[in-house]
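Notes follow the structure.
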Amino acid sequence: MTKENDHGVRKDPRSAVALAIALLAALSIEAVYLENLWKRGDEARQSNDLLDAANSQMQRHLAELRSSAQKITAIFTRLNDGIIRVAGIEGRLPVPGRNPNSNLEYGDSKEAKSLQEFGLVVKSFQEGHHETSVSFEADSNRLELHRLVPFLAEQENSNAFLFVDKLDLVRPLAVPSFSMNPAGLETRLLIRVLSGPK
């Protein structure tokens, strides 16, 4: 049933209901759309937070790897410095003017020099020369035990590839047993060091 107002316009109550239903439908569609947008935004925010956490963890791992690389380089350098470099002698002629059994073959190495600076007489131990190691024989008649032990510990700590194979200490006959005075001992060391090609 339609009513006519003063201006001649007809009013239909069904059109108002249809308009209200259309507006409610549009609002509900928009609410569903906005809710979906909010959910997607929330998921994107959570994934961004996860990515940020993963990136910060990766940055920490990279920093640890960089510091580890520096430590590894330092350790490699330290270990590499402890190796005596020798020329391969298989298939080569002896050097002219040089005794092939010379005891000073590796006397200029860092290890031999540190032993000489401490007061030991160092010579290369020919029977101890193998493919992977070089041996030195060091002797002294005046080393005191309380000086020798820290020196050997320092040598072994400074070179991971230095081994004391044999240590002979002999008390001179002139020194009484259990003497409280420091006495120089007859000392003989057999030291082996890793060797590698030049």
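Bear in mind that the values in this text are calculations on the coordinates, not laboratory data. This one's a predicted model, so the numbers in the text were calculated from it and none came from an experiment. With ideal geometry, Cβ positions are generated from the backbone for all residues, glycine too; neighbour counts draw on all protein chains shown.
For the range 128-171, a crude dipole built from +1 on the beta carbon of Lys and Arg and -1 on the beta carbon of Asp and Glu, taken about the Cα centre, is about 220 debye to the nearest 20.
Couplings for the range 30-40, taken from phi via the Karplus curve 6.51 cos²θ - 1.76 cosθ + 1.60 with θ = phi - 60°, read 5, 5, 5, 5, 5, 5, 4, 4, 5, 5, 5 Hz in order; Gly and Pro are left as x. A simple count of charges around V170, restricted to other residues whose Cβ falls under 12 Å of its Cβ and scoring Lys, Arg +1 and Asp, Glu -1, yields -1.
When the Kirkwood radius is taken over all Cα pairs of the range 103-197, what Stokes-Einstein diffusion coefficient follows at 25 °C and 0.890 mPa s, in µm²/s?
Taking Rh from Cα pairs, D becomes 175 µm²/s.
Under a 5 Å amide H cut-off, with hydrogens placed 1.01 Å from N, A183 pairs with L145 among residues at least 5 apart or on other chains.
Computed 3J(HN,Hα) for the range 172-180, one whole-Hz value per residue from the Karplus formula 6.51 cos²θ - 1.76 cosθ + 1.60 where θ = phi - 60°, is x, 4, 6, 8, x, 4, 6, 6, 7, glycine and proline marked x.
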